Amino acid sequence: MASSRTPLASLSDDDLAAFLADRQQAYAELQAKGLKLDLTRGKPSSAQLDLSDELLKLPTTTRDRSGTDVRNYGGLEGLPELREIFAELLAVEPAQVVVGGNSSLTLMYNVVVDFLLFGGVESPQPWSREEKVRFVCPVPGYDRHFALLEELGIEMVNVDMHEDGPDMDAVEALVRDDASVKGIWIVPTYANPSGAVVSQEIAARLASMPTAAPDFTIFWDNAYAFHHLTEDETKSADIVSLSMAAGHPNRPVVFASTSKITYAGAGVAALAASVDNIAWFLRHLGKSSIGPDKVNHRRHVEFFGSAEGLRRHMQKHREILAPKFAAVDTALREGLEGLDIAEWSHPLGGYFVNLDVLDGTASRVVQLAKDAGIALTPAGSSFPYGRDARDRNIRLAPTMPVLDDVRTAMEGVATCVAFAAAEKLITERRAGR
Ligand code: PMP
């Protein structure tokens, strides 16, 4: 790289122009490679999916432990053996678990729709009868959480996501006096996209904070609970016990799935909550289903054997994923460190790296990358309504491509970030004169 690692903004006009010319050249070379790479979505790679191919030979029996034929209707709450495994993993009793189909997002959608149509255990009336329903949305966050709310006409209010969870002063102020604020999304472990882990203290504040809405609900989406990238296996805060202890047993609903443990398209999803919430959920679920795919439940029980078996299986994912995340960090460091134009997360688990570029350049970076054959998630995706007021946030998803492609793509992304930053600084200087 032509320039030294002086912060870009402190370069003289001439040096900045030289830096831009150098990055323009690097970008032209990048384009000439004719790449076709994709870092858009957090999907497991083929190598990860292969880890679970034994599933294709299971189950070896069509009876569950009690002798029930898993091929038949029934068992709405899920196979008892699998409920037990999830209960241990999520630190609740088996009676507090429902195991459903292949998608936790579907369970979330069902819960929100049930609140809208019927109201929850603590609701004075269905949410659809309220004048307005609002959710607190820690940002950056998971785009599909936001799309789900937008689809259902629920307003979103942003609060900042920090390294240890949402900005709790802001959350408490929002929920204290306004009964239209009915819920909050929390991805407690290795959050999408920031990698943040909600601390015990913040979980305890969420569980105990006074809320104007009696049916205020924490949507505790623990999609990455077991997806560690290091040997340091972070333990999720136990929101169910904390809420129970704080006198709000029905406040949290916990979601998890094996989408990134076995097969993303053919795993199993679980919901955990108070016994009252479970009864409420099953009452409504029972009108739309006579029972889940218990053959797949049985298959997963045989595959994991136990909660410990699932945890062990995750170590194999880690071996595939950790080098990819390291490659992202190396490329960003080599391309951008010291320039003061980007910050990125160093997640200890999960599926994403959060990249913040110079304000006002994220869309440009994504466009430049696209024109060089590197698909990134659209800028702003991690914000409600796709609106990142600072246009600086980019979510990187390095899990799906093979390691070499992650390296190549990320070197290209670093080039685009530097190119866009230099361009912006020069434009600003010219305009300022
Ligand atoms: N929650 C979060 C935070 C996610 O990142 C994802 C997948 N990207 C999901 C839920 C989707 O989970 P499922 O496959 O179980 O629907």
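All of the numbers you see were taken from the coordinates with simple rules; none came from a lab. Note that this is a predicted model, so its numbers are computed, not measured. Note: ideal-geometry Cβ built from the backbone for every residue, glycine included; neighbour counts use all protein chains shown.
Relative to one another, the C-alpha centroids of segment 242-259 and segment 389-429 are positioned 37 Å apart.
Using 0.36 nm per residue and subtracting the Cα-Cα separation, the extra length available between Ala246 and Ala17 on full extension is 76.5 nm. Taking a Cβ cut-off of under 15 Å around Leu58, the surrounding Lys, Arg, Asp and Glu residues balance to a net charge of 0, with basic ones at +1 and acidic ones at -1.
How much length would be gained if the chain were fully extended between Thr62 and Asp167, taking 0.36 nm per residue of separation minus their Cα-Cα distance, in nm to one decimal?
So the chain would gain 32.9 nm between Thr62 and Asp167.
Each Lys or Arg adds one and each Asp or Glu takes one away; over the other residues whose Cβ falls under 13 Å from the Cβ of Ser123, this sums to -2. The packing ranking, built from the mean of other Cβ atoms within 10 Å per residue, places the peptides 228-241, 392-405 in the order 392-405, 228-241, highest first.
Counting every other Cβ atom within 10 Å of each residue's Cβ, Ser52, Ser306 order from fewest to most as Ser306, Ser52. Here the sum of -39500 (n - 2.57) over DSSP H runs of 4 or more residues, divided by the residues of the chain, equals -13000 deg cm²/dmol at 222 nm, to the nearest 500.
Note on segment 288-433: the alpha carbon radius of gyration divided by the globular reference 2.2 N^0.38 Å gives 1.35. When the Cα atoms of segment 52-140 are aligned to their principal axes, the ranges along those axes come out at 53, 32, 23 Å in descending order.
Summing +1 for each Lys or Arg and -1 for each Asp or Glu among the other residues whose beta-carbon sits under 13 angstrom from that of Glu302 gives +3. Over every Cα atom in the chain, the radius of gyration and the widest Cα-Cα span, Dmax, amount to 23.3, 81 Å. Return one number: the angle in degrees, 0 to 90 and rounded to the nearest 10, between the long axis of the Cα atoms of helix 80-90 and the longest principal axis of the Cα atoms of the chain. With both axes taken from Cα atoms, the answer is about 50 degrees. Over the chain, Cα pairs under 8 Å with separation of 6+ residues give a relative contact order of 25 percent.
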